[in-house]
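Right, one structure below, let's go through it.
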Amino acid sequence: AQSVTQPDIHITVSEGASLELRCNYSYGATPYLFWYVQSPGQGLQLLLKYFSGDTLVQGIKGFEAEFKRSQSSFNLRKPSVHWSDAAEYFCAVGAGTYKYIFGTGTRLKVLA
Amino acid sequence: DSGVTQTPKHLITATGQRVTLRCSPRSGDLSVYWYQQSLDQGLQFLIQYYNGEERAKGNILERFSAQQFPDLHSELNLSSLELGDSALYFCASSVGTLGNEQFFGPGTRLTVL
(Lines give C-alpha, C1' and ligand atoms only; values in the text may rest on other atoms or scores of the structure.)
Protein backbone atom coordinates (compact mmCIF):
# COMPACT_ATOMS: atom_id res chain seq x y z
CA ALA A 1 0.00 0.00 0.00
CA GLN A 2 1.13 3.52 -0.66
CA SER A 3 2.27 5.46 2.37
CA VAL A 4 4.29 8.45 3.45
CA THR A 5 6.28 8.58 6.66
CA GLN A 6 7.60 11.69 8.32
CA PRO A 7 9.48 10.26 11.30
CA ASP A 8 9.98 13.56 13.11
CA ILE A 9 6.83 14.98 14.67
CA HIS A 10 8.60 18.02 16.09
CA ILE A 11 11.93 19.63 15.23
CA THR A 12 13.51 22.62 16.91
CA VAL A 13 16.38 24.53 15.35
CA SER A 14 18.06 27.83 16.04
CA GLU A 15 17.64 30.67 13.60
CA GLY A 16 20.44 30.56 11.06
CA ALA A 17 21.02 26.84 11.49
CA SER A 18 20.54 24.34 8.71
CA LEU A 19 17.44 22.22 8.48
CA GLU A 20 16.60 18.79 7.14
CA LEU A 21 13.12 17.30 7.34
CA ARG A 22 12.83 13.64 6.54
CA CYS A 23 10.27 11.96 4.32
CA ASN A 24 10.09 8.33 3.27
CA TYR A 25 7.51 6.94 0.93
CA SER A 26 6.23 3.60 -0.19
CA TYR A 27 4.95 3.45 -3.73
CA GLY A 28 5.29 0.88 -6.45
CA ALA A 29 6.03 3.14 -9.36
CA THR A 30 8.00 6.35 -9.75
CA PRO A 31 6.10 8.73 -7.56
CA TYR A 32 5.17 12.34 -7.81
CA LEU A 33 6.50 13.92 -4.62
CA PHE A 34 5.59 17.18 -2.96
CA TRP A 35 6.43 19.27 0.07
CA TYR A 36 3.84 21.63 1.47
CA VAL A 37 4.03 24.13 4.31
CA GLN A 38 1.18 25.11 6.59
CA SER A 39 1.46 28.23 8.71
CA PRO A 40 -0.82 28.52 11.75
CA GLY A 41 -4.42 29.12 10.73
CA GLN A 42 -3.59 28.86 7.05
CA GLY A 43 -4.07 26.40 4.26
CA LEU A 44 -1.21 24.46 2.71
CA GLN A 45 1.20 26.06 0.29
CA LEU A 46 3.35 24.12 -2.14
CA LEU A 47 7.09 24.47 -1.52
CA LEU A 48 8.36 22.21 -4.28
CA LYS A 49 7.59 19.11 -6.29
CA TYR A 50 9.41 16.30 -8.04
CA PHE A 51 8.12 14.48 -11.07
CA SER A 52 11.19 13.35 -12.95
CA GLY A 53 14.62 14.48 -14.06
CA ASP A 54 17.10 16.16 -11.78
CA THR A 55 16.81 14.59 -8.35
CA LEU A 56 17.64 17.84 -6.57
CA VAL A 57 14.65 20.13 -6.71
CA GLN A 58 14.63 23.80 -5.82
CA GLY A 59 11.56 25.38 -4.31
CA ILE A 60 10.31 28.63 -2.92
CA LYS A 61 11.59 30.36 0.22
CA GLY A 62 15.08 28.89 -0.22
CA PHE A 63 14.04 25.27 0.25
CA GLU A 64 15.32 22.31 -1.72
CA ALA A 65 14.67 18.58 -1.65
CA GLU A 66 16.52 15.58 -2.95
CA PHE A 67 14.85 12.48 -4.34
CA LYS A 68 16.75 9.30 -3.54
CA ARG A 69 15.12 6.32 -5.17
CA SER A 70 17.37 3.77 -3.46
CA GLN A 71 16.30 5.07 -0.06
CA SER A 72 12.70 5.90 -1.00
CA SER A 73 13.29 9.31 0.48
CA PHE A 74 12.53 12.90 -0.40
CA ASN A 75 14.10 15.00 2.33
CA LEU A 76 13.57 18.73 2.55
CA ARG A 77 16.51 21.01 3.32
CA LYS A 78 17.27 24.62 3.94
CA PRO A 79 20.80 25.91 4.61
CA SER A 80 19.80 28.71 6.97
CA VAL A 81 16.47 28.81 8.77
CA HIS A 82 14.59 32.05 9.40
CA TRP A 83 12.14 32.62 12.25
CA SER A 84 9.35 32.91 9.67
CA ASP A 85 9.94 29.28 8.65
CA ALA A 86 8.26 28.09 11.84
CA ALA A 87 5.30 26.10 10.56
CA GLU A 88 4.17 22.57 9.87
CA TYR A 89 5.61 20.78 6.88
CA PHE A 90 3.92 18.00 4.98
CA CYS A 91 5.40 15.56 2.52
CA ALA A 92 2.99 14.06 0.00
CA VAL A 93 3.08 11.43 -2.70
CA GLY A 94 0.88 11.31 -5.75
CA ALA A 95 -0.65 7.86 -5.69
CA GLY A 96 -2.31 7.06 -8.95
CA THR A 97 -3.81 9.61 -11.28
CA TYR A 98 -5.72 11.72 -8.84
CA LYS A 99 -5.05 10.63 -5.30
CA TYR A 100 -2.60 12.27 -2.93
CA ILE A 101 -1.28 10.77 0.30
CA PHE A 102 0.10 13.12 2.91
CA GLY A 103 2.49 12.38 5.73
CA THR A 104 1.53 13.25 9.29
CA GLY A 105 3.59 16.41 9.23
CA THR A 106 6.63 17.80 11.02
CA ARG A 107 6.17 20.86 13.20
CA LEU A 108 9.18 23.16 13.04
CA LYS A 109 10.03 25.49 15.87
CA VAL A 110 12.70 28.14 15.36
CA LEU A 111 14.61 29.55 18.32
CA ALA A 112 15.74 33.15 18.15
CA ASP B 1 -4.21 34.26 -1.04
CA SER B 2 -4.47 31.02 -3.02
CA GLY B 3 -7.61 32.04 -4.90
CA VAL B 4 -9.58 29.16 -3.38
CA THR B 5 -12.43 30.24 -1.15
CA GLN B 6 -14.20 28.20 1.46
CA THR B 7 -17.30 29.00 3.45
CA PRO B 8 -18.04 29.09 6.25
CA LYS B 9 -14.80 29.64 8.13
CA HIS B 10 -16.15 28.17 11.32
CA LEU B 11 -19.11 25.92 11.98
CA ILE B 12 -20.39 24.73 15.32
CA THR B 13 -23.14 22.17 15.38
CA ALA B 14 -24.51 19.28 17.40
CA THR B 15 -24.20 15.55 17.01
CA GLY B 16 -26.65 14.05 14.59
CA GLN B 17 -26.90 17.20 12.50
CA ARG B 18 -26.06 17.74 8.85
CA VAL B 19 -23.85 20.50 7.45
CA THR B 20 -22.69 21.63 4.04
CA LEU B 21 -19.26 23.05 3.35
CA ARG B 22 -18.71 25.06 0.22
CA CYS B 23 -15.64 25.53 -1.93
CA SER B 24 -14.99 27.77 -4.91
CA PRO B 25 -11.87 26.80 -6.85
CA ARG B 26 -9.43 29.15 -8.48
CA SER B 27 -10.56 30.57 -11.76
CA GLY B 28 -9.73 28.07 -14.49
CA ASP B 29 -9.16 25.10 -12.19
CA LEU B 30 -11.22 22.03 -13.05
CA SER B 31 -10.20 19.74 -10.20
CA VAL B 32 -11.42 20.06 -6.64
CA TYR B 33 -10.09 17.99 -3.76
CA TRP B 34 -11.46 17.67 -0.23
CA TYR B 35 -9.31 16.88 2.80
CA GLN B 36 -9.96 16.38 6.49
CA GLN B 37 -7.31 17.43 8.98
CA SER B 38 -7.57 16.30 12.57
CA LEU B 39 -5.06 16.01 15.36
CA ASP B 40 -5.17 12.24 15.53
CA GLN B 41 -5.54 11.40 11.83
CA GLY B 42 -3.45 14.08 10.18
CA LEU B 43 -4.38 15.24 6.70
CA GLN B 44 -6.64 12.73 5.00
CA PHE B 45 -7.68 12.84 1.38
CA LEU B 46 -11.45 12.47 1.11
CA ILE B 47 -12.55 12.84 -2.48
CA GLN B 48 -11.72 14.50 -5.78
CA TYR B 49 -13.80 15.84 -8.63
CA TYR B 50 -12.74 16.84 -12.09
CA ASN B 51 -15.05 18.96 -14.21
CA GLY B 52 -18.12 17.72 -12.40
CA GLU B 53 -17.21 14.05 -12.23
CA GLU B 54 -15.96 12.11 -9.24
CA ARG B 55 -12.46 10.86 -10.04
CA ALA B 56 -10.94 9.53 -6.82
CA LYS B 57 -12.06 8.52 -3.38
CA GLY B 58 -10.01 8.35 -0.24
CA ASN B 59 -11.02 7.78 3.34
CA ILE B 60 -14.46 9.28 2.99
CA LEU B 61 -17.19 7.97 5.27
CA GLU B 62 -20.54 6.90 3.87
CA ARG B 63 -22.14 9.67 5.92
CA PHE B 64 -20.18 12.17 3.83
CA SER B 65 -20.88 13.06 0.24
CA ALA B 66 -19.72 15.67 -2.19
CA GLN B 67 -20.52 17.07 -5.57
CA GLN B 68 -19.12 19.53 -8.06
CA PHE B 69 -21.55 21.77 -9.87
CA PRO B 70 -21.49 23.04 -13.48
CA ASP B 71 -19.91 26.30 -12.33
CA LEU B 72 -17.17 24.11 -10.76
CA HIS B 73 -17.82 25.03 -7.17
CA SER B 74 -18.05 22.06 -4.85
CA GLU B 75 -19.95 21.16 -1.72
CA LEU B 76 -19.09 18.62 0.93
CA ASN B 77 -22.08 17.33 2.84
CA LEU B 78 -21.56 15.79 6.26
CA SER B 79 -24.52 14.09 7.90
CA SER B 80 -25.31 12.28 11.15
CA LEU B 81 -22.40 14.16 12.64
CA GLU B 82 -20.37 12.63 15.43
CA LEU B 83 -17.94 14.19 17.87
CA GLY B 84 -15.09 12.63 15.94
CA ASP B 85 -16.01 14.57 12.83
CA SER B 86 -14.70 17.73 14.45
CA ALA B 87 -11.80 18.76 12.24
CA LEU B 88 -10.49 21.25 9.75
CA TYR B 89 -11.81 20.58 6.27
CA PHE B 90 -9.74 21.82 3.37
CA CYS B 91 -10.62 22.21 -0.22
CA ALA B 92 -7.91 22.39 -2.86
CA SER B 93 -8.07 22.98 -6.58
CA SER B 94 -5.81 22.37 -9.51
CA VAL B 95 -5.90 22.89 -13.23
CA GLY B 96 -6.10 19.23 -14.07
CA THR B 97 -4.68 16.00 -12.85
CA LEU B 98 -1.92 14.77 -10.61
CA GLY B 99 0.91 16.69 -12.16
CA ASN B 100 -0.57 20.03 -11.34
CA GLU B 101 -0.01 21.96 -8.16
CA GLN B 102 -2.88 21.93 -5.70
CA PHE B 103 -3.91 25.29 -4.27
CA PHE B 104 -5.47 25.03 -0.84
CA GLY B 105 -8.23 27.12 0.63
CA PRO B 106 -8.10 28.46 4.20
CA GLY B 107 -10.28 25.64 5.49
CA THR B 108 -13.52 25.29 7.41
CA ARG B 109 -13.20 24.45 11.08
CA LEU B 110 -16.05 22.18 12.11
CA THR B 111 -16.82 21.66 15.77
CA VAL B 112 -19.38 19.04 16.71
CA LEU B 113 -20.69 19.35 20.26
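The values are calculated or read from the model by the stated rules, or taken from the named source; none is laboratory data. Remember, predicted model here, so these are calculated numbers, not experimental data. Heads up, the Cβs are rebuilt from the backbone with ideal geometry, glycines too, and the neighbour counts pull from every protein chain shown.
For region A:29-60, taking the residues that are in contact (Cβ under 8 Å) with a residue 12 or more places away in the chain and surrounded by fewer than 16 Cβ atoms within 10 Å (Cβ to Cβ), the one that is nearest to A:P79 (Cα to Cα) is identified as A:I60. Here A:L111, A:L44 are screened, and the one residue that is more than 24 Å from B:G105 (Cβ to Cβ) and of a type outside the set (G, A, S) is A:L111. Taken over region A:66-112, residues that are aromatic (F, W, Y), at the interface with chain B (Cβ under 10 Å from one of its Cβ atoms) and over 14 Å from A:Y32 (Cβ atoms) amount to 1. Taking (1) more than 9 Å from chain A (Cβ to nearest Cβ); (2) surrounded by fewer than 18 Cβ atoms within 10 Å (Cβ to Cβ); (3) out of contact with any Asp or Glu (no Cβ under 9 Å at 6 or more places or on another chain); (4) closer than 24 Å to A:P31 by Cβ in turn, B:D29 satisfies each apart from (2).
Looking only at residues of region B:1-25 that are out of contact with any Asp or Glu (no Cβ under 9 Å at 6 or more places or on another chain) and among the basic types (K, R), we find that the one that is nearest to A:G41 (Cα to Cα) is B:K9. For region B:72-102, a tally of residues being of a type in the set (D, E) and within 11 Å of the chain's Cα centre (by Cα) returns 1.
Yes/no matrix, rows are residues, columns are (1) crowded, with 21+ Cβ neighbours inside 10 Å; (2) within 20 Å of B:G28 (Cβ to Cβ):
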position: B:Q68; (1), (2): yes, yes
position: B:L76; (1), (2): yes, no
position: B:D85; (1), (2): yes, no
position: B:A92; (1), (2): yes, yes
position: B:V95; (1), (2): no, yes
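Restricting attention to region B:81-92 and to residues that are part of a strand (DSSP E or B) and touching a Gly at 6+ places or on another chain (Cβ under 8 Å), the residue that is nearest to the other protein chains (Cβ to nearest Cβ) turns out to be B:F90. Considering only region A:14-45, state which residues are over 17 Å from A:S84 (Cβ atoms) and out of contact with any strand residue (DSSP E or B) (no Cβ under 8 Å at 6 or more places or on another chain). Within region A:14-45, A:G28, A:A29, A:T30 meet the criteria. Does B:G96 satisfy the criteria of being within 11 Å of another protein chain (Cβ to nearest Cβ), closer than 15 Å to A:K99 by Cα, in contact (Cβ under 8 Å) with a residue 12 or more places away in the chain and in contact with a Lys or Arg (Cβ under 7 Å, 6 or more places away or on another chain)? No. For region B:1-80, the strands (runs of 3 or more DSSP E) that sit wholly inside it and include 1 or more residues that are in contact with a helix residue (DSSP H, G or I) (Cβ under 7 Å, 6 or more places away or on another chain) are B:74-78. When each of A:T97, A:T12 is tested for being of a type in the set (V, I, T), part of a loop (DSSP other than H, G, I, E, B) and either out of contact with any His (no Cβ under 9 Å at 6 or more places or on another chain) or modelled with pLDDT of 90 or more (or both), the lone residue that passes is A:T97.
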